[in-house]
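Read through the structure below, which is laid out as structure tokens, and then see the notes.
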Amino acid sequence: MNMINTKVGIVEDEMIIGRGISDALTELGYSVTEPAISYTEALAMIEDEKPDILLLDINLSGKKDGIDLAWKVREDYNIPFIFLTANSDSATIDRAKKIFPPAYLVKPFNKQELYSSIEICLHNYTQEKNKPAEGNYIIKDSVFIKQGQYFQKVKLDDVLYLESDNVYIYVYTADNKLLVRSTIQNYLDIIDSKNFFRVHRSYAVNIHHIQTINSDYVIISDKKIPIGKAYRDELLASLRLA
């Protein structure tokens with residue numbers, strides 16, 4: 001990804017620092033967003049601006065901090081992010097570690113450190129995105145999922161739905177519940193099947209197995225799966241129900 005075409009989203013609640021980062025990125029040749037100062041503003045910025053990478057301050061205004069936002073980004077948007085941190089307490093750092101952040105930048109940092117962190121993060125993200133999810137191989141109409149020392153073959157048509165659990169997902173069939181290290185969006189990209197639809201931040205379903213549907217949920221194999229507002233219109237339109 002050429003940095004001229006790279007848009008960097010800035011999430012920083014100290015406006016002076018945010019402006020300084022924005023100026024430095026502009027001088028380096030990146031496209032930048034207006035700095036967001038809170039969880040809510042950041043989500044709106046991501047939806048509207050669609051940045052390629054986020055610079056994400058751990059400490060944000062409001063009840064939800066940068067770590068909460070990072071989980072949301074990983075589960076729903078699947079874009080890389082770099083944590084910005086100053087002298088955070090050990091409990092905060094322990095929370096941050098659980099999401100396995102691609103990179104940290106410790107304040108204060110200079111322009112060269114900023115550039116290096118962004119380029120390395122983007123390179124690693126691209127490399128990771130272009131290889132299969134850990135322990136998974138797609139062959140024609142099936143996926144081989146690593147379970148212990150073995151790879152279990154699962155036909156995509158037999159997959160009922162996917163359920164997110166932080167950095168893991170569960171792959172459900174009529175007979176099995178298989179664990180995969182991946183996000184839902186990344187796994188959907190790997191499967192690349194028109195039969196699977198994201199219906200919620202934590203769920204994706206195989207539409208061929210939907211038994212019942214209304215505007216709030218679908219039922220598959222007696223499991224009631226919620227439909228998120230952000231996904232409702234596209235799902236109903238795909239089923240010609242809108």
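Going by amide H atoms built from the backbone, whose H comes under 5 Å of the H on residue 199, apart from near neighbours?
Residues meeting the amide H criterion: 204, 205.
Report ³J(HN,Hα) in whole Hz for each residue of segment 44-49, in order, from the Karplus equation J = 6.51 cos²θ - 1.76 cosθ + 1.60 where θ = phi - 60°; Gly and Pro get x.
5, 5, 5, 5, 7, 9
Can you compute the radius of gyration and Dmax for segment 136-238, using only the Cα atoms, both in Å?
In order Rg, Dmax, the Cα atoms of segment 136-238 give 13.1, 42 Å.
So what is the diffusion coefficient of segment 181-221 in µm² per second by Stokes-Einstein at 25 °C and 0.890 mPa s, using a Kirkwood Rh over Cα pairs? Mind showing how you got there, number by number?
Details: Rh = 10.9 Å.
Reported coefficient: 224 µm²/s.
Given points 7 Å out from each Cα along the Cα-Cβ axis, report the residue 59 to residue 168 separation in nanometres with one decimal.
Output for this residue pair reads 3.4 nm.
Just to check I understand the Karplus step: with θ = phi - 60° and J = 6.51 cos²θ - 1.76 cosθ + 1.60, what whole-Hz values come out for segment 115-120, glycine and proline as x?
Rounded to whole hertz, the list is 4, 4, 5, 5, 5, 5.
What order do you get for 44-52, 179-187, 193-201, 150-158 when each peptide is scored by the mean count of other beta carbon atoms within 10 Å, highest first? Don't skip to the answer; put the middle values down first.
Working: 44-52: 15.9, 179-187: 19.6, 193-201: 17.7, 150-158: 14.1.
Final packing ranking: 179-187, 193-201, 44-52, 150-158.
So who's got an amide H within less than 5 Å of the one on residue 168, skipping anything under 5 residues away but keeping other chains? H placed 1.01 Å off N, in plane.
Close amide H contacts, sequence-distant or interchain: 182.
Could you tally the net charge around residue 170, taking each other residue with its Cβ under 12 Å from the Cβ of residue 170, Lys/Arg +1 and Asp/Glu -1?
Details: positive: 177, 181, 223; negative: 163, 165.
Computed value for this residue: +1.
Count the net charge of all other residues whose Cβ sits under 9 Å from the Cβ of residue 33, scoring Lys and Arg as +1 and Asp and Glu as -1.
Values: positive: 7; negative: 34, 48, 49.
Local net charge: -2.
Quick one: which residues, 5 or more positions from residue 32 or on another chain, have an amide H under 5 Å from its amide H? H modelled 1.01 Å from N in the peptide plane, none for Pro or chain starts.
8
For segment 91-98, just list the computed ³J(HN,Hα) in residue order, Karplus coefficients 6.51, -1.76 and 1.60, θ = phi - 60°, integers in Hz, with x standing in for Gly and Pro.
5, 5, 5, 4, 5, 5, 4, 5
If you take every DSSP beta bridge whose two residues both sit in the chain, what share of them, in percent to the nearest 5, is antiparallel? Mind showing how you got there, number by number?
Working: 34 of 50 bridges.
Beta bridges within the chain, antiparallel portion: roughly 70 percent.
FYI, it's all coordinate maths here, none of it is from the lab. Treat the numbers as computed from the prediction; the structure is a model and nothing was measured. Because the Cβ atoms are built from the backbone with ideal geometry, glycine has one as well, and the counts that use them run over all protein chains shown.
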